[in-house]
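The values are calculated or read from the model by the stated rules, or taken from the named source; none is laboratory data. The shown structure was predicted, so the numbers you read here are calculated from the model rather than taken from an experiment. Virtual Cβ from ideal backbone geometry, glycine too; neighbours counted across all protein chains shown. Surface accessibility is based on the protein's heavy atoms, side chains included, excluding ligands, DNA and RNA. Shrake-Rupley method; radii C 1.70, N 1.55, O 1.52, S 1.80 Å.
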Amino acid sequence: MVSKDIHSSHVVRQFALYPIDIERPEKGRRVEALECGSCQKPLKFKVLSVAATKSRRWAWLVLGLAGVAAALGFGVAIFEVGGQVAEEGASNPVGPLALGFIAGFLSGAVGLSYWRYEDGVRGPGSPLMSFGRHALLWPPS
C-alpha cells in the first residue's frame, strides 16, 4: 500500500497484511490460487512440503559453505602466489585466482542468505525468493 503526505513529496510504503488459511502438502508441492486483499488480483503461489523445504535449505547451505570454502582456498592461494616474483614474460596467476575468490565469495553469500530465508513458498516476483509486489510469509516458528 502506498500513502502520500499531502504537505510534502514524501511517499510512505508499508505492507498490507492479510491472514490466509493454507496448509502445506504432505509431499512435493502444490499451487495455491489466492486473491490479494488490496488489489484483488488473482495470485498463484507454489507451496512446498516440509520435506521439500528442508531439502532446499540443505542445498542452499551446501552451496553457501562450498562458496565460502572456495573463497578461502583462492584467498590463501592469492597470498602464496602474490608475493612471488614472476619471470619475465610469464602470465600473472593472481588474475584467475582473484576471479575464483570473487566467484566463491558471491556463491557463498547468495547460498547462505537464501538458506537463511528459505520458507518453501514461491510466488509472483523473482523466481527464487518471490520478492516482488506480493509475497507470502509463514508465521515465525
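Worth a mention:
- Per residue, the accessible area of segment 22-73 comes to 66 Å² when a 1.4 Å probe rolls over the protein heavy atoms.
- Environment charge at K54 (Cβ cut-off 13 Å; Lys +1, Arg +1, Asp -1, Glu -1): +2
- Applying 0.36 nm per residue to the separation of K54 and E26 and subtracting their alpha-carbon distance, the gain on full extension is 8.8 nm.
- Amide H contacts under 5 Å for L43, placed H, 5+ residues apart: L34, E35, C36
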